[in-house]
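The values are calculated or read from the model by the stated rules, or taken from the named source; none is laboratory data. In this text, all values refer to a predicted model and were calculated from it rather than measured experimentally. Glycine gets a Cβ as well: all are built from the backbone with ideal geometry, and neighbour counts include every protein chain shown.
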Amino acid sequence: MDTIKKGTIEQVFDVKGRKRGTKIWVVCPVCTGGRWARVDHTRQKCFSGMCIRCHNKFSSGRGEEHPGWKGGTYNWGYKSVKIQPEDPLYPMARKSGYVNEHRLVMAKHLGRLLATREVVHHKNGVRGDNRIENLELFTNQMKHLPSMMETAEARRLKAKIVKLNATIIALRKKDAGH
């Protein structure tokens, strides 16, 4: 098997001689061991090329100990960050120890814990933009609702403007052609 060149592609057939796909010989970047992998799997964004043994070594560990750690996770567009139990803002965290970054930024700015009913709103509607000047605090969801509606309406109107501009350009080109 070691004599097979990296990138060699072969058709796979079952016992009855039916074609069952295409496999490619890949070499693990960690242990340099070779194996057959489905070609369509190698095209996936998450394909690392590692064999299962090396993958398990690198995927073990949690949080900062994990080699793929990037400082947090995203849920529905909101970035969550892990905070330690000794952090004074830890009571805001979920059972997993994660807290949404925008709530953490607002709590640090105010110098206090946020109540669970308090809502932190992104003024520009971009959930990943956690600058304090883009955040606004509401005492509850009912007070937050009108600002959400404004943001959604503004986004809808901007999309309508873009569509109308495209229509205007198309009409001008049509008139210029006649």
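Scanning the stretch 52-72 for residues that are at pLDDT 70 or above and touching a Ser or Thr at 6+ places or on another chain (Cβ under 9 Å) yields a count of 3. Among the residues making up the stretch 99-132, a single one is exposed (fewer than 14 other Cβ atoms within 10 Å of the Cβ), among the small types (Gly, Ala, Ser) and under 16 Å from Val81 (Cα atoms): Gly128. Does Lys79 satisfy the criteria of being outside any strand (DSSP E or B) and modelled with pLDDT under 95? When the stated conditions are applied, Lys79 does not pass them. Within the stretch 82-98, can one find any residue that is at pLDDT 80 or above and in a strand (DSSP E or B)? Looking for residues that are at pLDDT 80 or above and in a strand (DSSP E or B), one finds at least one in the stretch 82-98, hence yes. Going through the stretch 99-131 one residue at a time, which ones are over 17 Å from Gly77 (Cα atoms) and β-branched (Val, Ile, Thr)? Hit for the stretch 99-131 is Thr116, nothing else. Taking (1) under 17 Å from Gly77 (Cβ atoms); (2) modelled with pLDDT of 95 or more; (3) aliphatic (A, V, I, L, M) in turn, Met148 satisfies each apart from (2).
Is it true that Asn124 is touching a residue at least 40 places away in the same chain (Cβ under 8 Å) and assigned to a loop (DSSP other than H, G, I, E, B)?
no
So how many residues does the stretch 140-176 have that are among the hydroxyl-bearing types (Ser, Thr, Tyr) and within 29 Å of the chain's Cα centre (by Cα)? Matching residues across the stretch 140-176 total 2.
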